[in-house]
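Written below as structure tokens is the structure these notes are about.
Read-outs: derived from the displayed coordinates by stated rules, not from any lab. Everything quoted here is computed from the prediction, not taken from an experiment. Glycine gets a Cβ as well: all are built from the backbone with ideal geometry, and neighbour counts include every protein chain shown.
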């Protein structure tokens with residue numbers, strides 16, 4: 001498996017909960033330069049990789065943001081074409097793009113589908129207009145549904161909906177309603193994220209002043225459980241802490257992250273990983289452009305993971321997955337004895353029924369999914 | 001030196017009655033310290049002493065005073081510790097004197113330790129000069145206080161002097177009274193050497209400094225000495241007096257007070273109350289009154305960081321150089337790791353040692369709840385003492401438990417007598433006596449109380465219930481059998497040894513429940529339910545549940561989040577390593593700290 005992440009940082013406005021690497025109100029010049037530099041980075045990165053490992057095609061491509069659809073369909077198609085021109089892409093590769101429901105015309109969706117995107121991730125966030133307003137979104141519930149239908153007509157047969165829950169002041173009934181409207185649309189995939197108050201965001205400032213009171217963990221757990229029940233009843237199975245899919249429609253690109261796989265990354269703020277080597281690019285779009293122009297690289301940091309750190313990540317991410325992680329496979333991959341490294345805690349947590357182990361595969365008992373981090377903090381070496 | 005020109009005296013007082021200020025003023029008026037060197041409370045040399053306004057170690061100063069008769073006298077002022085924990089040290093310091101100034105605050109009046117100290121001085125056959133201090137204050141009420149001195153202490157009112165240590169008023173009269181009223185020492189210069197050790201201190205540069213009062217014979221620099229309580233012989237390296245700086249002299253003779261340095265390595269060799277003699281011409285008998293210091297209060301001290309165990313050992317070794325009454329043996333607790341079981345003279349002593357360890361040696365400590373020594377008689381007739389509740393056997397193996405008692409004297413304005421009765425009754429006190437004084441409506445109450453109740457927070461409670469007006473003194477009063485039980489605290493069925501305590505059967509439920517609630521409140525929720533219980537033997541008497549945590553998971557964990565999240569978990573993991581583990585329940589240090597700190601109310 002080899003993934004590629006491409007970051008498009010532009011947004012019309014910043015949502016008050018967002019702490020991603022995004023750029024608001026970009027002038028046309030910056031957008032043009034960014035696209036040019038992104039193309040250059042794609043060419044450099046992919047060519048280098050194709051040369052060193054020619055037998056390894058890309059198995060997934062993910063255009064994320066920001067708002068990738070801030071760019072025109074033609075520009076996006078050119079970028080995808082650049083990828084195809086530079087490196088082999090597996091015929092069944094999953095090629096995703098993120099989009100927001102506002103200002104998304106059906107013909108743009110058609111163009112994207114025709115250009116080769118086969119998976120669409122829609123940031124609908126909620127089907128409650130009051131909640132959408134509080135989240136600072138510029139679309140309403142109906143627009144969300146309309147864009148979904150448009151995407152279907154445009155040819156997308158693999159659509160994911162992003163939802164946010166545990167909004168301050170949101171009722172459990174409102175969350176149920178959002179889940180039910182989601183189910184009615186029959187998407188292939190749903191991501192449910194508990195609202196996280198990230199440092200430095202307007203929400204964090206409101207929380208500091210006491211104008212926003214985060215939903216208590218115990219109540220969040222109830223909402224999380226509600227999502228699981230309603231979505232699973234509709235055939236969307238929970239395959240990761242926050243992700244649900246019809247069997248076979250799990251996001252391949254993200255699964256590769258969670259299995260500790262290899263992925264290349266281009267664009268500002270993007271993180272890549274190859275066999276324990278991780279690197280990341282400059283976060284701010286203008287500086288990214290400048291670095292690319294001056295140095296032909298925007299890489300600003302890297303780390304080499306020790307086998308133990310890699311084990312920690314595999315454990316931490318594996319616990320979030322329904323499939324868990326395999327002790328023998330991990331041992332072989334990292335050249336260590338994973339069971340020995342995790343010993344005391346592994347045994348204790350298994351005895352308590354918090355972890356399940358079957359033929360060397362360790363996974364979290366379903367009831368313990370909401371406390372995956374606490375389990376990971378105990379288990380990692 | 002002519003003995004008729006020497007006066008050895010000490011100053012005794014209740015805490016805060018101005019003893020040190022008066023001493024400083026006397027030093028100044030006899031030119032022992034210059035105006036320039038005068039800092040408040042010259043005699044209290046430790047930071048802690050100056051801060052708390054109490055004297056922990058005794059101290060001795062030589063003053064030269066030219067009296068109205070034209071002769072110049074040597075006045076040796078021996079300062080004494082002002083707290084009940086150190087009453088033995090007070091008695092030894094008093095034994096080095098022929099007279100004492102009894103300082104009483106002219107507003108506060110006679111307090112419990114005024115009486116206790118006066119009794120010690122009377123027992124030691126000292127001439128007492130009653131001194132009313134702080135007469136410059138508007139609240140001073142000399143008439144009432146003089147009546148109290150007559151009625152409560154039993155000293156003639158016409159002998160009372162009026163002074164102000166602050167302004168210096170009347171202090172010359174005090175100096176004159178010392179010369180006139182305190183008898184000069186009267187030991188034979190020719191008899192075999194007998195010198196009383198009334199204190200010792202450790203100086204990093206000069207080693208152990210022994211404070212002595214010569215009763216008979218002569219001491220010369222360079223001579224051999226023997227401490228009669230043991231077999232050790234030492235050669236005197238330096239002999240001297242305090243002016244108040246240490247000043248070497250060639251000899252000291254009967255009646256004089258000073259210090260000796262003799263290359264003594266272990267402070268345990270120098271026991272307060274022991275007698276120094278000349279091995280070539282030894283005295284037949286040591287001076288009377290020597291007693292082994294006996295710790296009364298015990299607690300476990302554990303470093304919060306287990307790596308600090310050697311540092312704690314070093315710090316205790318060093319502290320003991322100045323404080324032979326501190327005892328400690330290495331101990332280990334499954335819950336708290338390696339530490340020491342320490343013995344103290346009393347609660348204040350315990351506080352001071354803990355504070356010095358934390359402040360002077362930069363240690364962060366967990367102290368278990370203070371305990372006393374219990375005498376256990378087992379069903380098979382075997383008898384032994386325990387100073388740690390964890391060592392108490394199972395209830396069915398116990399025939400009898402005896403606990404140490406104290407006689408407590410409380411002096412309090414009459415309107416608070418009810419509050420004192422209530423408190424003493426709550427603390428299993430047995431009423432002994434009540435005496436009323438005719439002036440000012442103050443009452444002297446006497447109760448027999450278990451020491452264990454006394455060391456909880458008795459004094460704080462007494463102070464708060466009497467608005468600070470009550471004063472307290474106590475002395476040991478033997479052992480008494482009582483229906484005492486050990487209460488264990490369990491977390492998910494496992495005993496947390498550090499939290500076990502011994503209490504009266506009838507209070508077991510209340511205290512056990514309070515402890516469970518506190519422990520529950522200071523624990524964070526974990527992956528599974530936590531059951532906190534209190535038990536006597538196998539019988540559960542109280543129980544609390546802490547439900548499992550419901551949610552602890554990051555919503556998003558994609559490419560850019562992974563490193564960040566891993567680092568966070570690694571940090572959390574490191575934090576857990578510092579937690580104390582009981583079974584599989586992690587107990588943060590803070591939980592122990594908060595429980596043990598408030599475990600007293």
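What's the FRET efficiency of residue A:287 with residue A:44 using the Cβ-Cβ distance as r and R₀ = 25 Å, to the nearest 0.05?
After rounding, the FRET efficiency stands at 0.90.
For chain B, find the longest principal axis of its Cα atoms and tell me its angle to the long axis of helix B:347-360, 0 to 90°, nearest 10.
For B:347-360 against chain B, the angle is about 80 degrees.
Shielding of A:256-264 by partners, i.e. mean partner chain Cβ atoms within 10 Å per residue?
1
How many percent of DSSP beta bridges within the protein assembly as shown run antiparallel, rounded to 5?
Roughly 70 percent of the beta bridges in the protein assembly as shown run antiparallel, per DSSP.
Using alpha carbons only, how many degrees (0 to 90, rounded to 10) separate the axis of helix B:112-123 from the longest principal axis of chain B?
50 degrees
Evaluate peptide B:563-576: per residue, the Cβ atoms of other protein chains within 10 Å of its Cβ; return the mean as an integer.
Shielding by partners across B:563-576 averages 5.
Efficiency by 1/(1 + (r/R0)^6): what FRET value for residue B:375 and residue B:435, r their Cβ-Cβ distance, R0 = 30 Å, to the nearest 0.05?
0.40
Does a label point 7 Å from the Cα of residue A:211, set along Cα-to-beta-carbon, have any residues of region A:14-50 with amide nitrogen under 11 Å, and which are they?
Inside the label zone: nothing.
Could you give the length gained by full extension between residue A:275 and residue A:294, i.e. 0.36 nm per residue of separation minus their alpha carbon distance, to one decimal place?
4.0 nm
Taking the alpha-carbon centroid of each part, what is the distance from region B:253-315 to region B:529-601 in angstrom?
When both Cα centres are located, 44 Å separates them.
Using alpha-carbon pairs under 8 Å, 6+ residues apart, how would you state the relative contact order of region A:294-381 in percent?
Computed over region A:294-381, the figure is 34 percent.
I'd like the antiparallel share, as a percent to the nearest 5, of DSSP beta bridges with both residues in chain B.
Close to 85 percent.
With the contact rule set at Cα under 8 Å and sequence spacing of 6 or more, what percent relative contact order holds for region A:268-338?
That works out to 23 percent.
Per-residue ellipticity at 222 nm for chain A, helices alone: DSSP H runs ≥ 4 residues times -39500 (n - 2.57), over residue total, nearest 500 deg cm²/dmol?
So the helix-based figure for chain A works out to -13500 deg cm²/dmol.
Add -39500 (n - 2.57) for each DSSP H run of 4 or more in chain B, then divide by its residues: what number comes out at 222 nm, to the nearest 500 deg cm²/dmol?
Calculated at 222 nm, the ellipticity per residue is -8000 deg cm²/dmol.
Just want to confirm a number: the relative contact order over chain B, from Cα pairs under 8 angstrom separated by 6+ residues, in percent.
10 percent
Quick one: angle between helix B:309-322 and the longest Cα principal axis of chain B, in degrees between 0 and 90, rounded to 10, please.
20 degrees
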